[in-house]
Structure formats: structure tokens, C-alpha cells
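The values are calculated or read from the model by the stated rules, or taken from the named source; none is laboratory data. All of these numbers come straight from a predicted model, not from anything done at the bench. Cβ coordinates were reconstructed from backbone atoms using ideal geometry, including for glycine residues, and neighbour counts include every protein chain displayed. For accessibility, only protein heavy atoms count, side chains too; no ligands or nucleic acids. Shrake-Rupley method; radii C 1.70, N 1.55, O 1.52, S 1.80 Å.
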Amino acid sequence: MKSTSSLSLIAGVVALAAVTGFAALNVPDGSAPAEAKTSSRLPVERTSLLCPAPGLSDLSETAYTAYTPPNKGGGSGTAGTAELLASAKDGEKAHKPDEEDGKGEKDEKDKGKKGAGKDKPVVSLKEPGTPATGKASGADSPALVGTATGRLAPGWTAQQTTTVEAGDGRGLLGIGCTVPDTDFWFPAASTAKTREDYVHLTNPDDTAAVADIELYGPEGSLKSDVGEGITVPAGSGVRVLISTLTSKAVDDVTVHVTTRAGRVGAAVRTADDATGSDWLAASADPAGTVVLPGIPADATSVRLVAFAPGDDDADLRIKLVGKSGTITPAGHEELHVKSNMTAALDLKDLTRGEAGSLMLVPSDKNRATPVVAALRVVRGTGDKREVGYIPATGPVGARATVADNRAKGSVLSLTAPAAAGTVEVTASAGSGGGTPVSKTYKIPAGTTLAVTPPVPAGLKGTYALTVETRSGGPVHAARTLTEKVNGIEMFTVQTLTDDRGTVEVPAARQDLSVLDD
């Protein structure tokens, strides 16, 4: 007879089997345990996204678009929610270095009693396959904290697009809302006198997070104590003016954000006196070879910023992946990046009227030093210049999505840096109506294909683009969104990466022999 403790263990195993959904439990019959099957991929059941506070000026207008692509065999039955809620503050509070970290938390509790989870959602998605939208105006718009569950979780994505028509912060600022993490790299930031760059940190959890911000210039670390131990209260966001973390004015700075407690979403909002504003998203994790896709054909200035976070220097060959093939730009063949120092190179009008992507590869294949990188891209001339940023990014993988596409003004760049690839691009239904359409693209090896993406039939509102790899690859992708405001071709670039809509689940086999007396 089994003991009471053994029976409790059996009950626990039964409960575990019910929760996982893929384990089975049978009464032992004395036969040998079944052989373990290979692992399988199942849809994720929960996804978190964080959108930084867009507040720039009273003239700013922000559009939010959330979308989940239709999933074959999708999450948990028909259940699921997907909402973006205002963070637990009436407006984002700037972190000031001379304040003791943690001050103001009481104020936030008082001000933010209606905080995350209690207000009406800014965006609420009801069904996969159809985008949901929301709006915000002015400088006091807060960060958003979002969660998707059940069938709305796999592939859930959200886009934040802000238009500022005039002033120092003018521009079209776009960013894909980020997944919370503990480590972020941002090459191409600056503490120059002409720049006003902020790090935005958003905490999705119920307990405070503690973050550190490190800065690296061309000569190494920009030492500062005030970037350490920054408290990000639960369900809230803070912003940190980068120039207050150091006394040095440096044109090209790499920002490293880490957390010592909790997790955050992180993004850098840049503003320049002459070229306007945009968001700088985090670079892909350090790697020996990196790809920066989607340089517009009419770029008038392209500046490469790279950083080697390890103990070794990096020697990189620069490759321009264009429409007809891959070339080495004359006069810009290589870049030497010293360990823990930021390196920058002005590539000027690199594309010369042809859209392309940049690839950095090790000069010595046997000595691949991991790096992070980003491009600062300018379009236009004189007082009609506008800036955008392209971070190094991973491939689209099985599937990647970008939201907030309009009937006009979108360009999709597809890059196959190594081997030829085939992708299927699906334009979703519109947020206000329309019929999805799909188109297949073949990208020859070593080329970039820039296309006007398909538009849903009868489109009303905005729509999402989903890119799925069908064969070959890897394929890297970016979407450029352009809007003409006051005679300026304002633009923003968002890269597309695998949406991680599925997770690998190891197969289980029963073995209750451990429960025998």
C-alpha cells in the first residue's frame, strides 16, 4: 500500500500533467517506461510588451497599434486578452541624479492609485488577425504596460508612432514596444551639446526594479556614479537624460542598461537641434557578424556606430548588401573597434540612390569578436533633414510582424546576406476594415529587396505586415514608414525579428518508480 506522502506526490504529478497539457499519466502496469519522444513547439500562453512614454511636447500626437497574427492551432482554446494600459503614473517622472533613488515612490502611489490594471485600456485587442488602435496627445502621455494571454499571446506585437510637427523634437518617432529584459545595448546615442537623449525605463512587474546605466565613448567608459542603482517603481516608468550622467560632451556614445533587480523595457529617445527626433531601439545581442537592414535609397548621411563589449578588439569588414549584390564601399572597407570603446564611421551617402543594408563581418574568420552596432540615418538636406536609426537585428526566423502600416508611405526591406531566401508577406485586415492579402518574395543571396508591401483590399485604418520564412535564408527585414509634414519627409525605421510566438517544450515520459515504497 502506498504511503500518504506517496499519494500526495502522485496527486502533484497529476496536477502537473493537467497544467502542461502535453503530459499523460497512466497507472503503472509493470511494463518498462515508454521511451521519451522528441520535444515539440507549442504556442506561448503569455506575452508582455512595454511602450515608453512618448511625451516630447504639447504638440505630439501618438498612435498605438496592437496586433496578433492568426495562429494555426493558436493558444489556449478561445480564451485570451491583450491590453495596453497606462503605467501607474499620471506622467513619466524624470530621474534626477541629485535625488536619492526611490524618492517619489510615495508620490507615485498617491498619484497612481488608478495605475496599471485599473484604468480603461489604451488599446484592447479582441481577435487575432485584426489590429486594434489607440491614441494619446501631449507631453504627459505615460508609458504603457501590456499583457496578452491565451490565443492572443503568440506573436503579439505593438507599435508606437508619434508625430511632432514643429520644435526641436519634431519628427516621426516610431518604435516597436519591447519585451522586458535585463540587458540592453544602445550604440549611436550621444551627450553632445546639440543632442538631448533620454533613456526610458519601464517596469512591468509588481515590485520595483533597480537598473544601472553605463556609458562608453571613443576613449572608453565615461565614469559616473549617478547612473547606478536607478529605482524604477512597480508598474511605472522613468526617463534619464543621458547628458546628466557625465560631464563629457561626446558625439558617439554606447549606452548599456542592465538590471540588478527585476526587469525593464528600455529604449533611447534622441533629439537633435538640426535633424529632429526618433527612437533608438536596442541592438541585437553581441555577435561576430551583424546585419543592419533597411537603409533608405535616398539617405543623405549614414553614420555607423559600433562597440565591442568583450576583452578583445574587433576588426570588421564593412559590406553593403544592395539590390544587385554585396560590395565593399570604396574608402570604407574596414572598421577597427577597440575593446570597451565606441567606434564611429561616417559613410555619407552610402546607398547612392539604391536601398540597401549594412553587414559587418570579422576580418579574420577565425577571430570573431562579438559587437553591437547601429546606424544613424539622415534623409533630406538643410532645414528639411530628418533622422532615423537602424540597430543591428536578428533574422525574421519563423515569423515576424510590424504594426501600423498605412495605405501609403511604407517600404519593406528584405535582406538575404548569406543564402537565398523565400518569404511570404501577409498584409492583415485593416483596423477599420479590409481583406488580408499575401505575396511571396524571393531574395537572391547577398542582396536586399526593397518593395512597396501589399495593402489589404478595401483598407480602412492601419494594418500589420507579417513576414514568414518559407525556405532558405536567413532573411533580415525592416519597415520604413514615411509621412510628409510641413514639407519635410519625416520617417522612422523598425526592424523585424522573430516574434517567439512558440516555445520548445521537452517531451515527458512517465516514470513513477520513484514513488514506490
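For region 309-332, a residue qualifies if it is more than 23 Å from Pro474 (Cα to Cα) and either open to solvent by 40 Å² or more (accessible area, probe 1.4 Å) or at pLDDT 95 or above (or both), and the qualifying residues are Pro309, Asp311, Asp312, Asp313, Ala314, Asp315, Ala330, Gly331, His332. When the test is whether a residue is open to solvent by 20 Å² or more (accessible area, probe 1.4 Å) and part of a strand (DSSP E or B), Arg352 does not pass it.
If you go through region 485-504 and pick out every residue that is at pLDDT 90 or above, surrounded by fewer than 23 Cβ atoms within 10 Å (Cβ to Cβ) and among the hydrophobic types (A, V, I, L, M, F, W, C), you end up with 2.
Screening region 120-221 for strands (runs of 3 or more DSSP E) wholly inside it with 1 or more residues that are farther than 22 Å from Leu481 by Cα and touching a helix residue (DSSP H, G or I) at 6+ places or on another chain (Cβ under 8 Å) returns the ranges 123-125, 198-202, 209-217.
Among the numbered conditions (1) over 15 Å from Ala464 (Cβ atoms); (2) surrounded by fewer than 24 Cβ atoms within 10 Å (Cβ to Cβ); (3) of a type in the set (Ser, Thr, Tyr), tell me where Thr133 comes up short. It is condition (1) that Thr133 fails.
Within region 191-210, the residues that satisfy the criterion of being of a type outside the set (A, V, I, L, M, F, W, C), surrounded by 22 or more Cβ atoms within 10 Å (Cβ to Cβ) and touching a Ser or Thr at 6+ places or on another chain (Cβ under 7 Å) are Thr191, Asp197, Thr202, Asn203, Pro204. Pull up region 281-303, narrow it to residues that are in contact with an Asp or Glu (Cβ under 8 Å, 6 or more places away or on another chain) and open to solvent by less than 30 Å² (accessible area, probe 1.4 Å), then point me to the one that is farthest from Thr182 (Cα to Cα). Filtering region 281-303 for residues that are in contact with an Asp or Glu (Cβ under 8 Å, 6 or more places away or on another chain) and open to solvent by less than 30 Å² (accessible area, probe 1.4 Å), the one farthest from Thr182 (Cα to Cα) comes out as Ala299.
Considering region 211-267, and only residues there that are of a type in the set (Ser, Thr, Tyr) and under 26 Å from Gly176 (Cα atoms), the residue that is most open to solvent (accessible area, probe 1.4 Å) turns out to be Ser243. Residue check: Leu292 meets all listed conditions (1) at pLDDT 95 or above; (2) at positive phi; (3) not basic (Lys, Arg) but one, namely (2).
In the set (1) touching a Leu at 6+ places or on another chain (Cβ under 9 Å); (2) β-branched (Val, Ile, Thr); (3) open to solvent by 20 Å² or more (accessible area, probe 1.4 Å), Thr270 fails one condition alone, (3).
Consider region 407-423 and keep the residues that are of a type in the set (S, T, N, Q) and within 21 Å of the chain's Cα centre (by Cα). The one that is nearest to Tyr463 (Cα to Cα) is Ser410. Considering Ser339, Ser363, Ser410, Ser357, the condition of being over 21 Å from Pro444 (Cβ atoms) and touching a residue at least 60 places away in the same chain (Cβ under 8 Å) is satisfied by Ser410 alone. Taking the criterion of being more than 24 Å from Pro69 (Cβ to Cβ), more than 23 Å from the chain's Cα centre (by Cα) and assigned to a strand (DSSP E or B), the residues of region 462-496 that qualify are Lys484, Val485, Ile488, Glu489. Across region 442-461, the qualifying residues are those that are assigned to a loop (DSSP other than H, G, I, E, B) and among the β-branched types (Val, Ile, Thr), and the one among them that is surrounded by the fewest Cβ atoms within 10 Å (Cβ to Cβ) is Thr452. Considered as a group, the residues in region 152-190 that are closer than 24 Å to Lys126 by Cα and of a type in the set (A, V, I, L, M) include one that is most open to solvent (accessible area, probe 1.4 Å), and that residue is Val179. Any idea which of Ala306, Ala344 is in contact with a Leu (Cβ under 9 Å, 6 or more places away or on another chain) and open to solvent by 20 Å² or more (accessible area, probe 1.4 Å)? Exactly one of Ala306, Ala344 is in contact with a Leu (Cβ under 9 Å, 6 or more places away or on another chain) and open to solvent by 20 Å² or more (accessible area, probe 1.4 Å), namely Ala344.
For Val396, the test of being surrounded by 23 or more Cβ atoms within 10 Å (Cβ to Cβ), part of a loop (DSSP other than H, G, I, E, B), among the β-branched types (Val, Ile, Thr) and in contact with a strand residue (DSSP E or B) (Cβ under 8 Å, 6 or more places away or on another chain) is passed. Return a yes/no flag: does region 379-391 have any residue that is open to solvent by 20 Å² or more (accessible area, probe 1.4 Å), modelled with pLDDT under 95 and of a type in the set (Asp, Glu). Checking region 379-391: at least one residue is open to solvent by 20 Å² or more (accessible area, probe 1.4 Å), modelled with pLDDT under 95 and of a type in the set (Asp, Glu).
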